[in-house]
Amino acid sequence: MTTLLPPPRESVYQLSANLRDEAVLLEVRPAPPSEAEREELLFSKLGPRGWVRLHHFRHYYSTGWGDGSGKPLSPRALEMFYRFLEFANFTGATKPSVFLTDQGCIELCWEDASGKAVQLEFRPTEIEFYIESQNSEGAVPHSAVIELARRLASI
């Protein structure tokens with residue numbers, strides 16, 4: 001006995017014409033780091049304690065954590081945090097500490113080579129900073145993350 005399969009049906013979904021156009025790439029971008037590369041970066045820059053803390057922030061802190069008003073980790077803030085870590089060099093004796101703010105942002109704190117405090121808060125649209133040795137504080141847009149990392153490497 002031979003069984004014949006029914007002929008294939010036409011696709012129900014059609015891609016609209018405006019989505020068929022190929023996008024023009026204006027620049028060449030490197031591939032984003034894989035999850036394993038990011039885990040290795042976290043471990044090397046923040047140590048096991050920092051890695052565990054960020055893991056918990058990413059996977060266990062949902063809306064309403066803390067006193068009930070805590071927000072989950074912002075994906076844009078996390079992306080800038082990773083970008084910063086790629087270029088950061090920490091010269092102090094201890095690894096930086098990482099915190100999750102009530103607004104869902106990442107705060108990174110450490111002491112520079114002279115023992116002065118450095119604090120960064122990675123927000124969805126900017127990075128706020130405080131550098132005790134320079135008596136300066138302010139905010140920079142995400143586009144300046146590499147320059148900020150290089151500036152902090154020199155103190």
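Just so it is clear, none of the values below were taken in a lab; they were calculated from the coordinates. Predicted model, so just to flag it, every value in this text is computed and none were measured. Using ideal geometry, Cβ is built from the backbone for each residue, glycine included, and neighbour counts are taken over all protein chains shown.
Each pair of Cα atoms in the range 27-89 enters the Kirkwood radius, and Stokes-Einstein at 10 °C and 1.306 mPa s then converts it into a translational diffusion coefficient of 122 µm²/s. For residue 116, the lysines whose Cα comes closer than 26 Å to its Cα, not counting residues fewer than 8 places off in the same chain, are 45, 95.
Assuming R0 = 41 Å, can you tell me the calculated FRET efficiency for the pair residue 49 and residue 4, based on Cβ-Cβ distance, to the nearest 0.05? Using R0 = 41 Å, I get an efficiency of 0.05. Taking amide H as placed 1.01 Å from N in the peptide plane, the amide H of residue 123 sits under 5 Å from that of 128, each at least 5 places away or on another chain. Among the trypsin sites (Lys or Arg not before Pro) found in the range 54-155, those both in a DSSP coil and sparsely packed, with 16 or fewer other Cβ atoms within 10 Å of their Cβ, are 116.
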